[in-house]
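Student: Have a look at this one before I ask anything.
Each value in this text was obtained by applying a stated rule to the coordinates, not by laboratory testing. The model shown is predicted, which means the values in this text are computed figures rather than measured ones. All Cβ positions, even for glycine, are placed from backbone atoms using ideal geometry, and neighbour counts span all protein chains on display.
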Amino acid sequence: MSTILVKRGPQDGITNLVLQPGEFALAKDTGNLYIGTDTGKIHLNPPGGTSDVAVKLQTPREFSISGDGTAAAVTFDGTQNVGLTLQLAAMSGLSAGTYTKVTVDTKGRVTAGTILTIEDLPSIPYSKITGGPTKVSEFTNDSGYQTEAQVAAKVAALVSSAPETLDTLQELAEALGNDPDFATTITEQIAGKEPKLSTAQGKGSITDADTLAMLDSAESNATKTITWAQVKTALETYFNTLYNNYVHPTYAGAASGLYKITVDTTGHVSGVEAVEKDDITALGIPAQDTVYTLPAATDSVRGGVKVGNGLNISGDVLSVGDIDGGTF
């Protein structure tokens, strides 16, 4: 009996294999069987083989989506395209609507929505706001604001009654209530009431009655005035604690002469009195002239001068003899 063998080899050799029309080839390691055609080769899928091209699945399958989005199951057997309609899952407790503030989770899904309140807004400089009101007259009582006339009346009463108490613009703003542009409103009211120091006229000298502006730290830095006389008194009191207040005593003068003196407890001569003769004799000095008589001259005494050992007098000549240093 004759045996017919087909071309055979490994699966990875099939790709470059050229078959004649009607010629067979077998991939021994996979069991795939191929046959040549006029245009190339096709894979005949024998039982137990691995199909590399299929028109229809033997067992149809279904595609579906679940989780954050859902899609109904669609059967797929390979004969047509599959189209899935995705439906996003609804968030619990969230209704459809327009929100100005939202909360999202880590997947970017909106999980909550609310409307912004005034407390949510950060502080914004008025210079950055466009299209807003620029005059008090643009507001009405219906919107919760005072009219320009009401604000102007408040300012006029405040400035005329006590302009010196307007320490800051904040204090003025509180007096105006809720006027959003009070600076424009009060310009005419305060003109000339509070002249600026930078434009004030200079003065050549200062007098005790002149006043200076100051902030009272004991009363929350309220603006007050103080006279130059008060400043000088305060400075004198302060500097007296820093320097010696010594005042040299004064006594009656005396002409040049011999005096007995009196000294006070600070060591100063507080009094003088001319020296009298009695003051001198009281010291043991004789009241009359005193004559002293020299002793009679001898070999060892001459003219009241006593000559000791080593000195000799002969006539009117004084000579030096031997001088002995002595023993010990």
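Student: How long is the gain from Ala96 to Leu84 if the chain were fully straight, where each residue apart is worth 0.36 nm and the alpha carbon distance is subtracted?
Tutor: 1.9 nm
Student: On to the next question. Would you pull out the residues with amide H under 5 Å of Lys7's amide H, same chain only if 5 or more places away, H placed 1.01 Å from N?
Tutor: It is Phe24, Leu26, by chain and number.
Student: Here's another thing I want to ask about it. Can you list residues from other chains, or at least 5 along the same chain, whose modelled amide H is less than 5 Å from the amide H of Ala222?
Tutor: The list, which skips near neighbours in sequence, is Asp216.
Student: Here's another thing I want to ask about it. Label-point separation (nm) for Glu236 and Ser127, each offset 7 Å from Cα along Cα-to-Cβ?
Tutor: In this crude label model, Glu236 to Ser127 measures out at 5.1 nm.
Student: Given points 7 Å out from each Cα along the Cα-Cβ axis, report the Thr75 to Gln11 separation in nanometres with one decimal.
Tutor: Placing both labels 7 Å beyond Cα along the Cβ direction yields 3.0 nm.
Student: Take peptides 78-86, 26-34 and line them up by average Cβ neighbours within 10 Å, highest first, as a rough protection proxy.
Tutor: Those peptides, ordered most packed to least, come out 26-34, 78-86.
Student: Can you give the extra length, in nm with one decimal, that the chain gains between Ile226 and Val110 once fully stretched, where that is 0.36 nm per residue apart less the Cα-Cα distance?
Tutor: That works out to 35.2 nm of additional length.
Student: Please list, ordered by chain and number, the residues whose modelled amide H lies under 5 Å from the amide H of Gly271; skip anything fewer than 5 residues away on the same chain.
Tutor: Long-range HN contacts for Gly271: Thr262.
Student: For the stretch 60-70, just list the computed ³J(HN,Hα) in residue order, Karplus coefficients 6.51, -1.76 and 1.60, θ = phi - 60°, integers in Hz, with x standing in for Gly and Pro.
Tutor: 3J(HN,Hα) across the stretch 60-70, in whole Hz: x, 10, 10, 10, 7, 10, 9, x, 5, x, 10.
Student: Right, something else. Mind ranking 9-22, 243-256, 275-288 by how tightly packed they are, going by the mean number of other C-beta atoms within 10 angstrom, highest first?
Tutor: The most tightly packed comes first, giving 9-22, 275-288, 243-256.
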